[in-house]
Amino acid sequence: MSDLKEFLRDVRDHKLTIELDQGIHRCLFLGRPGSSTYHYRLTTWPGHLAISGDMGSFTFSRLRDMFEFFRDEDMTNEINPSYWAQKVEAIDRHGSMKEFSDKKFRDAVLRDIEEWEVRLGDASKILNEVRDEVLALGCANVDEAYALINDFEASDGNVFTDFWEHDLTTYSLRYLWCLRAIVWGIKQYDLVTQGRTQADHDRRVLAGEL
């Protein structure tokens, strides 16, 4: 899963610009001044929230005010990739919620061959064949992984059956990053609109209000 510490490092110099704030019609820009790296925009309208920017675009729909759906009330910084994925309505052409996982592919291969019946003394030989002819070749996507599996036959006749039932994907880093960006962006908006930023605190101190 996208690491919170890495995300916070990516946005450590980001500033919030509220471009539109009319009820649930909002447009927020978050980015590092003078740089387009990791910049993004949150846009809401009735029943929808869209994030767009350097890490991709996703549109979600669930509640009339989607800030309520994503707001981190308990300040846990947690995200819910699987549940929130059910609320995705659109993804940009360069983005994806899921991507091929080499680890899940390898784990699935090794689990399957543990169930094969092999002749006494052939286990190590068959394992080496699988490693040399499947795992060592590497795959860039799910289609390549299934192709490798379909083409493989061990010297003792064992083959992979029903391998397509394995889920070889994981949530993409771009998708996970965008989820964190939504939660973090709403938090920045709440701090500003509720007067809870450090700047607001300093202003009240200087004004003798605290």
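The table that follows gives values for the structure above.
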{"read-out": "Relative packing of 170-177, 115-122, which averages over residues the other C-beta atoms within 10 Å, highest first", "value": "170-177, 115-122"}
{"read-out": "Vicinal HN-Hα couplings computed from phi for the range 86-96 (Karplus, 6.51 cos²θ - 1.76 cosθ + 1.60; Hz; Gly/Pro x)", "value": "5, 9, 6, 10, 8, 9, 5, 5, 9, x, 7"}
{"read-out": "Carbon plus sulfur fraction of accessible area for the chain, probe 1.4 Å, in percent", "value": "47 percent"}
{"read-out": "Value at 222 nm in deg cm²/dmol, rounded to 500, when DSSP H runs of n ≥ 4 in the chain each add -39,500 (n - 2.57)", "value": "-10500 deg cm²/dmol"}
{"read-out": "Calculated FRET efficiency for the pair ASP13/GLU78, C-beta based, R₀ 22 Å, to 0.05", "value": "0.35"}
{"read-out": "Residues whose placed amide H lies under 5 Å from that of HIS48, excluding near-sequence neighbours", "value": "MET66"}
{"read-out": "Highest-fluctuation residue, HIS25, HIS14, HIS39 considered, GNM on the chain with Cα pairs under 10 Å", "value": "HIS25"}
{"read-out": "Computed over the chain: relative contact order in percent, which uses C-alpha pairs under 8 Å that are six or more apart", "value": "20 percent"}
{"read-out": "Karplus 3J(HN,Hα) series, Hz, for the range 133-138 with 6.51 cos²θ - 1.76 cosθ + 1.60 (x for Gly, Pro)", "value": "9, 10, 5, 6, 7, x"}
{"read-out": "Estimated FRET transfer efficiency (LYS103, ALA207; beta-carbon r; R0 41 Å; 0.05)", "value": "0.15"}
{"read-out": "Cα-based convex hull volume of the range 85-159 per residue, rounded to whole Å³", "value": "105 Å³"}
{"read-out": "Per residue accessible area of the chain, 1.4 Å probe, in Å²", "value": "59 Å²"}
{"read-out": "Stokes-Einstein D (µm²/s) once Rh is taken as the Kirkwood radius of the range 1-133 over alpha-carbon pairs, at 20 °C in 1.002 mPa s", "value": "116 µm²/s"}
{"read-out": "Kyte-Doolittle at least -1.0, axis length at least 20 Å by Cα - qualifying DSSP helices, the chain", "value": "173-193"}
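The values are calculated or read from the model by the stated rules, or taken from the named source; none is laboratory data. Here the structure is a predicted model, which is why all the values come from computation and not from measurement. Here the Cβ is made from the backbone with ideal geometry for all residues, glycine too, and neighbour counts use every protein chain on show. Accessible surface areas use protein heavy atoms only, side chains included; no ligands, DNA or RNA. Shrake-Rupley method; radii C 1.70, N 1.55, O 1.52, S 1.80 Å.
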